[in-house]
Amino acid sequence: MRKCRAMSGPVASRARLGGVLLLVACGCSSGEFTSVAAVYTTHGQALTCSFNAAVNYRVRFGPTAVTVADFNADSKLDLAVANSGITEVSVLLGLGDGTFPAAVNYPVASYPFDLAAGDFDRDGKLDLAVATSSTATTIDDVIVLRGNGGGTFASAGNFPAGDGPNSVAAADFNGDGNPDLAVANSGSNDVSVLLGNGNGTFAPPSSHSAGSRPYSVTVGYFNGGSHLDLAVASFGSSNVSVLLGNGAGDFQLAANYPVGPSPQAVTAADFDRDGNLDLAVANSDNDTASVLHGRGDGTFAAAVNYVAGNYPSAVTAGDLNGDGFLDLAVANYASNNVSVLLGFGDGTFQLPTT
C-alpha cells in the first residue's frame, strides 16, 4: 500500500513547464513501496487547478521528507530525500525537464527523518543537514553531508541535538552570515539551536522548550522585525509554539496556540496578503489543516480549521493555479492522496480537491 508520509519545504516553480511541481515522499514501514512522486499542475483558470498524473521515482525504505535545491549548480532543481527506514539519504539530480535519473544513496549514521539544504561551510556549494533519530545502536544527531558542487556528498560530521530529532530548518539566527540550524526534538520536547561556525561545524546546541512531542519546525519573521523566529508543531500537546528570536541566536519563551489534534507539520506564508506571515498546520487526528493569521507583532489569531484528507501528515504552500493567491497542499497518510485547498487571497480557502 502506498503511504504518503511527508511533503516538505518549497513548491518549486518550473517556468519551462508553465506549471508548479509538488513533491511527495511516499513509503511504508516495510519498504514495499518507496518513492518520491512528482506531480505537475496544468495551471487551471481562476479558482480551478488540475494536476497531471504522478510520476514516481524509487528511493530507499521509508522516505519521510524531501527538499529541493540545485546541488550540482546546473540551474536545474534536484531532490534530496530522507529515508527513515534505512540509514541513507537519496539524491536525485534533475534533468531540467521535470524528470530525474536514478537516485544516488549516501549512508548516514542514524535513521534520517528530515533534512535541510544550506552552504554550511560557505564554499559556495550546497550541503545537507540531516536530522536523525536513534535506535539501540545509533545516536540522536544532526549529520552534515558536505556537497562538492557536482551533486555528490561526503559525510562531514555529527552534531548533537536533543532526544529524537524529527525536523530541521536552516537559517541565520544570529546575523553573522553563517547558516544555523533549528531542530525539533520529539523525545525531549524542545528545539535545539545550533549556531554555525561558517566552516561546516556547529557550536553545542542551546535548548528551548516547546510543546509535547514537537514534530515540525519552520522559520519566519513573525513580529515584523529583523530577527528570525520559530514556529513548532507539537504532536502531543496539539498546539503550535512560537518562539521569537532576539537576533543573537537566542529565543523567548514559547507562546502556545491551540490547533487541531496531533499536528504533524507547520509552514509559514502570507495567505491574506497583509504583509504578515501566517501559519498553516496539518492535524493528523481530525483530518484538518489549521490556519492561524499573523498579526505582525509575533502573535496569532485563533486557528481556523479546513477539511483535508485522512490523517494529514504534511503541508506546504504555493500558488498552484496561477491566480496570484497562495494555496495549500496537504499530504494525507491514510487516504494516500494530496488535498489541494485553493486560496481566495484573503486568508480563506475553498473546499479541498484530491
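Since every read-out is calculated from the coordinates, none of them should be taken as a lab result. Keep in mind the model is a prediction, meaning the values are calculated, not measured. No Cβ is skipped: glycine too gets one built from the backbone with ideal geometry, and neighbour counts run over all protein chains shown.
Quick notes
- Here the scattering of the stretch 248-296 is modelled by Debye summation over its C-alpha atoms, one equal scatterer each and no solvent; at q = 0.20, 0.23, 0.32, 0.33 Å⁻¹ the log10 of I(q)/I(0) is -0.76, -0.89, -1.11, -1.13.
- FRET efficiency for D274 and D70, using Cβ-Cβ distance with R0 set to 41 Å, rounded to 0.05: 0.80
- Taken about its Cα centre, the stretch 164-274 carries a charge dipole of about 320 debye when Lys and Arg each add +1 at the Cβ and Asp and Glu each add -1 at the Cβ.
- Inter-label distance, nm, simple model (7 Å from Cα along the C-beta direction), D123/A109: 2.0 nm
- Peptide ranges 180-189, 223-232 listed from the most packed, as the mean C-beta count within 10 angstrom indicates: 180-189, 223-232
- Separation in nanometres of the label points that stand 7 Å from Cα toward Cβ, at D297 and T353: 4.0 nm
- Fraction of alpha-carbon pairs over 31 Å apart in the chain - percent: 26 percent
- In terms of packing, defined here as the mean over residues of other Cβ atoms within 10 angstrom, the peptides 291-297, 310-316, 69-75 line up highest first as 310-316, 291-297, 69-75.
- Cα gyration tensor category, rounded, prolate or oblate, for the stretch 314-354 with a/c compared to 1.5: prolate
- At R0 = 41 Å, FRET efficiency that the Cβ-Cβ distance of S155 and D250 yields, to 0.05: 0.85
- Here the Gaussian network model covers the chain, with springs between Cα atoms less than 10 Å apart; of A248, A109, A117, A248 fluctuates the most.
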